[in-house]
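For reference, the structure is listed below as structure tokens.
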Amino acid sequence: MAISSPILLTSPNIESVLNPLTENIDGRTTLISLCGAGGKTSTLFWLADYFHQQGKKVLLTTSTRMFLPAPSPRRTLLIEADPIRQLARCQALPDEPMQLVLFSHLDRASGKAVGPSPQQIDLLKGQQRFDIILVEADGAHHKLLKAPALHEPCIPQHSDWVIALVGGAMVGASADPAQIHRWAEFQALCGIEAGDPLDWALFHQLLSHPEGLFKGTPARARRIWFINGDYQNEASWLDELIKLHSRHPEIHAIWQGAVRESPPIRHLICTAPHGEAL
């Protein structure tokens with residue numbers, strides 16, 4: 001079957017961007033994992049708020065560790081170390097719209113919350129008690145770009161979607177070890193030195209390499225590349241992003257925008273007509 005040419009949507013309707021993410025492969029629950037660098041946590045809660053407003057029952061968690069979210073009347077926090085009790089307590093929740101934030105325990109030394117294992121998250125998906133499970137599956141120490149270490153990312157194998165993030169300020173910038181997490185791994189992966197340009201050829205390499213942006217993505221999962229956070233050069237990127245999408249048909253969509261701004265997605269590049277599934 002011929003592969004369709006990419007199309008570009010500017011300031012797309014947010015429903016047409018996000019509603020396809022409710023599609024899953026097996027049953028009621030859609031599992032979405034976020035990896036990479038440059039705004040995973042803010043993207044996680046942006047997605048949770050959107051789907052909750054759509055009347056969904058949403059579970060937020062991490063397969064690594066993250067800071068506790070700020071208290072919010074929109075969210076219920078559950079900390080439960082025992083995997084069996086995790087499943088039982090989730091099973092007992094009312095079947096109504098909600099946002100449940102689930103962690104296994106708190107690491108007092110780091111001040112972060114530790115999430116369930118990827119395998120436990122797969123079991124939570126198998127319960128079919130949530131419409132959406134959102135997982136922060138990677139760490140980046142607040143950097144804007146990263147290469148994964150051997151143990152990263154921690155993506156549940158039943159993920160339906162994997163969203164890989166890159167901080168938009170890194171596109172076209174000079175490689176700065178202070179802004180790149182796992183600098184030694186990044187150097188080995190890309191063959192660059194400090195000060196070298198982070199150009200489109202480099203991002204093609206990161207998208208192509210099995211140890212790159214989508215490392216560990218299950219074969220069945222659909223991929224989204226999200227360039228998050230820089231509007232200054234966006235217009236000049238579009239031709240190159242369309243070319244990259246053409247070279248990477250395994251990527252279902254490229255998002256360009258900033259979840260802290262309005263509109264959060266300024267450009268969508270995909271192969272599906274407007275309003276249809278990606």
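Assorted remarks:
- Every condition in (1) surrounded by 18 or more Cβ atoms within 10 Å (Cβ to Cβ); (2) over 18 Å from the mean Cα position of the chain (by Cα) holds for Ala70 except the one numbered (1).
- In region 42-91, the residues that are in contact with a Leu (Cβ under 9 Å, 6 or more places away or on another chain), under 17 Å from Pro156 (Cα atoms) and not hydrophobic (A, V, I, L, M, F, W, C): Thr61, Thr62, Pro83, Gln86
- Candidate set from region 91-105 (those that are touching a residue at least 12 places away in the same chain (Cβ under 8 Å) and outside any strand (DSSP E or B)); member that is nearest to Leu68 (Cα to Cα): Ser104
- Filter pass, Lys143 being over 28 Å from Leu124 (Cα atoms) and either assigned to a loop (DSSP other than H, G, I, E, B) or modelled with pLDDT under 95 (or both): yes
- Unmet criterion (only one of (1) touching a Gly at 6+ places or on another chain (Cβ under 8 Å); (2) of a type in the set (Val, Ile, Thr); (3) open to solvent by 30 Å² or more (accessible area, probe 1.4 Å)) for Thr61: (3)
The values are calculated or read from the model by the stated rules, or taken from the named source; none is laboratory data. As the structure is a computational prediction, the values presented were derived from the model and not from experiment. We place every Cβ from the backbone using ideal geometry, glycine too, and count neighbours over all the protein chains shown. Just the protein is used for accessible areas: all its heavy atoms, side chains included, with ligands, DNA and RNA removed. Shrake-Rupley method; radii C 1.70, N 1.55, O 1.52, S 1.80 Å.
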